[in-house]
Each structure stands twice: as structure tokens, then as C-alpha cells.
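The values are calculated or read from the model by the stated rules, or taken from the named source; none is laboratory data. Please read these numbers as outputs of a predicted model, since none were measured by experiment. Don't worry about glycine lacking a Cβ; one is built from the backbone with ideal geometry, like all the others, and counts go over all protein chains shown. We work out accessible area using only protein heavy atoms, side chains counted, and drop any ligands, DNA or RNA first. Shrake-Rupley method; radii C 1.70, N 1.55, O 1.52, S 1.80 Å.
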Amino acid sequence: MTDPMTTRRLYGRRQGHKLRLGQADLVERLLPDISVPEEGPLDAVTLFAKDCPLEVEIGFGAGEHLAGQAMARRETGFIGCEPFLNGVVGALNHVRDESLDNVRLHMGDALDVLERLPDASLSRVYLLHPDPWRKARHAKRRMVNHGPLDLIAAKLKLGAEFRLGTDDPTYCRWAMMVLGQRRDFVWRAQDAADFLTRPDDWPETRYERKARRQGREVWYFRFLRV
């Protein structure tokens, strides 16, 4: 059941610094070719013209993790959702430089894409370093709330994985509390090393590097859909 306290994500500016000429050209030429269609049902055939495993990254930042996963498993289709134009430009650079034909991008709310995918169609969903919305009155804006988690759970296959990464202690505690209330996700951790050490198949992001430079811990959560 959707949590009545959960709202759609609210974002600030869609664009930071002004795009350089080459970046603007990427947005004009490449983005239309790999954008998720704005309307209609979505599936692997619609997006990639073939039946293949599907994974979604919610808020991919500058696209390092998304590109790393796509390079490692080119037989899998990856859908990256990011509301900020400068982040999309970062992902476009990776797509161009690594010739990634297994990536599709949505510049907007990930929930809009998830809603249009078939139930039990995703092999993984990633949520890495989301906005923590630290103030208590903003807690309903966090992606880790029962409303979005209901949707993520519906779209994941049984035995599929939901990955969450954060360096924010408030978000860490919140995620453990909210996900601990659910019966459709099981935390895979067996000991502290399981969530304090980045798995080998988890490409590092600039947010992680920045957090460590500033002396902050990073937590890596892996939940199975059951």
C-alpha cells in the first residue's frame, strides 16, 4: 500500500553550469537517439529491439556507475534516470566514448519510467547516494519510502536485487528502519564487511570518492526481492 506521506520527488534546478558547445551538441544529437520514449508502455524490446535483462538506475549523477555496469554486461539493457541536465551530459559522454548501445536515458523522475515497465521485469534497481533530505519535515521526499518501494518491489523479479548506497548517516538509519518494516525485501548482509565494503561489481562513483576524501563512511546495501 502506498504511504500517504510519500510524495513525488521535488527537484531544484534542472541545470547547473552553462553547457559548453560540445556538450550542447551531445544533447542535441545523441540524447534523442537513446532517450526513453515519453509515453506508452516500456519493455526490453521497445527500448533495445531485443529481449534482454533490464536494470534501472535511479539518479545516476554523472553516469560513472551506470557506464561501468553497462560496459561490464553489454548483454543487459540499462535505463538511467536523472532529472539534472548536467548529469545527463556526463552519461552521454560515457555512452559516446565507450560506444554503449545498451543504455537508455530519461531526464526526469524515475518513478514515471518504473510505472510503465511490466511487473517482475527488472533484474536490479540501483539507488546510489540519493538526496538525503535531512530535515525531518522533508522525510516524505526521500526515495526510500513505502510508496516508491512498493513500485520498485512490483517491478523487480523474485530473487532480483535492490542496491542502495549512501554516505549520509541519517539516510542510512532511515533506510534500515523503512526496509526493515517490509516483508518483500531481505537484507543480504551477513556481517559488517557486507555493507562497509564496496562489492567488486559496484563501480565507484565520484560521490563515494568525495565522501571518503572528507572522512565520511559509505554504506552499501543489497536487498533481495522475495
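Of everything listed in (1) touching a His at 6+ places or on another chain (Cβ under 7 Å); (2) closer than 27 Å to G40 by Cα, the single unmet condition for D109 is (1).
For the criterion of being assigned to a helix (DSSP H, G or I), touching a residue at least 60 places away in the same chain (Cβ under 8 Å) and either within 25 Å of P37 (Cβ to Cβ) or aliphatic (A, V, I, L, M) (or both), D112 fails.
Consider R173 carefully, then state whether it is farther than 23 Å from E64 by Cβ, surrounded by fewer than 18 Cβ atoms within 10 Å (Cβ to Cβ) and among the basic types (K, R).
Details: farther than 23 Å from E64 by Cβ: yes; surrounded by fewer than 18 Cβ atoms within 10 Å (Cβ to Cβ): yes; among the basic types (K, R): yes.
Yes: the conditions hold for R173.
All conditions in (1) farther than 22 Å from D51 by Cβ; (2) open to solvent by 10 Å² or more (accessible area, probe 1.4 Å) hold for L127, with the sole exception of (2).
Inclusion of L149 among residues that are open to solvent by less than 40 Å² (accessible area, probe 1.4 Å), in a helix (DSSP H, G or I) and in contact with a Phe, Trp or Tyr (Cβ under 6 Å, 6 or more places away or on another chain) is not warranted.
Take the residues in the range 71-89 that are out of contact with any helix residue (DSSP H, G or I) (no Cβ under 8 Å at 6 or more places or on another chain) and outside any loop (DSSP other than H, G, I, E, B); name whichever of them is surrounded by the fewest Cβ atoms within 10 Å (Cβ to Cβ). Going through the qualifying residues, I end up with A72. Filtering the range 101-111 for residues that are out of contact with any strand residue (DSSP E or B) (no Cβ under 8 Å at 6 or more places or on another chain) and either open to solvent by 30 Å² or more (accessible area, probe 1.4 Å) or among the small types (G, A, S) (or both) leaves a non-empty set.
Do we have E39 as modelled with pLDDT under 95, open to solvent by 20 Å² or more (accessible area, probe 1.4 Å), under 18 Å from M107 (Cα atoms) and more than 17 Å from the chain's Cα centre (by Cα) here?
Values: modelled with pLDDT under 95: no; open to solvent by 20 Å² or more (accessible area, probe 1.4 Å): yes; under 18 Å from M107 (Cα atoms): yes; more than 17 Å from the chain's Cα centre (by Cα): yes.
No, not satisfied.
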